[in-house]
Amino acid sequence: MSGLELFAAVLGVIAVWLTTKQNPWCWPIGLVMVLLYSWIFFEVRLYSDMLLQLVYAVLQLYGWWQWTRPDSQREARQVTHLGIQAVLFGLGLGLLGSLALGAAMASWTDAAQPWLDAALTGFSLVAQLWMAQKRVQCWPLWIVLDVIFVGLFLYKALFLTAALYALFTLIAVQGWRAWRRDPALVNA
């Protein structure tokens, strides 16, 4: 464990907790966290996770814009459900992205876990996009991914990061419960 990993983990807890509260400050704090984790994952040869963090940086900006856009004609984004076709489409894109990235990592890099890392990356992008759009389905997907991430990080001896993702799992359960009770969703 490094001081950098500890700092990134603390920022991660704050960012995810703020997300469950629908506080837009989750996005800039998350931005700093993902940039730090991109370096951490590079150091341990989890290249798909490193790339994921860089894409997350862009999605952090997108999420911040989605949650705070100053358009006076529109209210802030509300929590919504995706239809089954949209869920299947998103998961299909996650699968295709996972296969393409896994093949690339397995063929052209010395990645430590090319296929698992790629699968977690592909589906995490789907979950992050759904979160930025305030889709309630982001939370159950995050729960599954976070549990798998815990195992990967234990394997790579990133014990603090494994503990962080275990905490993310618990926070995701809370987020799922909170967003399902959101008045915008209940009254829809």
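The values are calculated or read from the model by the stated rules, or taken from the named source; none is laboratory data. What you are looking at is a predicted structure, and each value in this text was computed from that prediction instead of being measured. Note that we place each Cβ from the backbone using ideal geometry, even for glycine, and neighbour counts take in every protein chain shown. Only protein heavy atoms, including side chains, enter the accessible area calculation; ligands, DNA and RNA are left aside. Shrake-Rupley method; radii C 1.70, N 1.55, O 1.52, S 1.80 Å.
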- Taking the Cα atoms of the range 36-113 alone, what are Rg (to one decimal) and Dmax (as a whole number) in Å? 16.8, 50
- Message: Only four residue types carry charge here, +1 at the Cβ of Lys and Arg and -1 at the Cβ of Asp and Glu. Report the dipole size of the range 70-188 about the Cα centre in Debye, rounded to the nearest 20.
- Response: 360
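Given a 1.4 Å probe and heavy atoms of the protein chains only, how would you sort Glu5, Glu43, largest accessible area at the top? List each step's numbers first, then the result.
Values: Glu5 10, Glu43 115 Å².
The ordering from most to least exposed comes out as Glu43, Glu5.
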- Query: For the chain, modelled as a Gaussian network with Cα springs under 10 Å, which listed residue fluctuates most, Ser48, Ser38, Ser107?
  - Reply: Ser107
- Where the eigenvalues come from the Cα gyration tensor of the range 78-188, what are the semi-axes √(5λ) of the equivalent ellipsoid, largest first, in whole Å? 28, 19, 7
- Pull out a ≥ b ≥ c, the square roots of the eigenvalues of the alpha-carbon gyration tensor of the range 1-69, then state rounded if a/c is under 1.5, prolate if not and a/b is larger than b/c, and oblate in the remaining case. oblate
- Heavy-atom accessible area with a 1.4 angstrom probe orders Phe168, Phe123, Phe7, most exposed first, as Phe7, Phe123, Phe168
- Message: With a 10 Å cut-off between alpha carbons and a GNM built on the chain, which of Ala132, Ala57, Ala106 moves the most?
- Response: Ala106
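If you rank Lys134, Lys156, Lys21 by how much accessible surface each has, with a 1.4 Å probe, what is the order from largest down?
Working: Lys134 15, Lys156 50, Lys21 110 Å².
From most accessible down to least: Lys21, Lys156, Lys134.
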- Task: Go ahead and set up a Gaussian network model of the chain, Cα springs under 10 Å, then flag whichever of Tyr56, Tyr47, Tyr155 fluctuates most.
- Result: Tyr155
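Restricting to DSSP H runs of at least four residues, report the calculated mean residue ellipticity at 222 nm for the chain, -39500 (n - 2.57) per run over all residues, nearest 500 deg cm²/dmol. Show your work: numbers first, answer last.
Working: 8 runs with 146 residues, N = 188.
Result for the chain, helices only: -26500 deg cm²/dmol.
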- Query: What does the accessible area of Leu154 come to, in Å² to the nearest 10, when a probe of 1.4 Å is used?
  - Reply: 90
- Message: I want to check the label-to-label distance for Ala163 and Ala103. Put each point 7 Å from Cα in the C-beta direction and report it in nm to one decimal.
- Response: 4.1
- Round to a whole angstrom and tell me the spacing of the C-alpha centers of the range 118-188 and the range 1-61. 13
- Contact order relative to length for the range 1-69, counting C-alpha pairs under 8 Å separated by 6 or more residues, stands in percent at 31
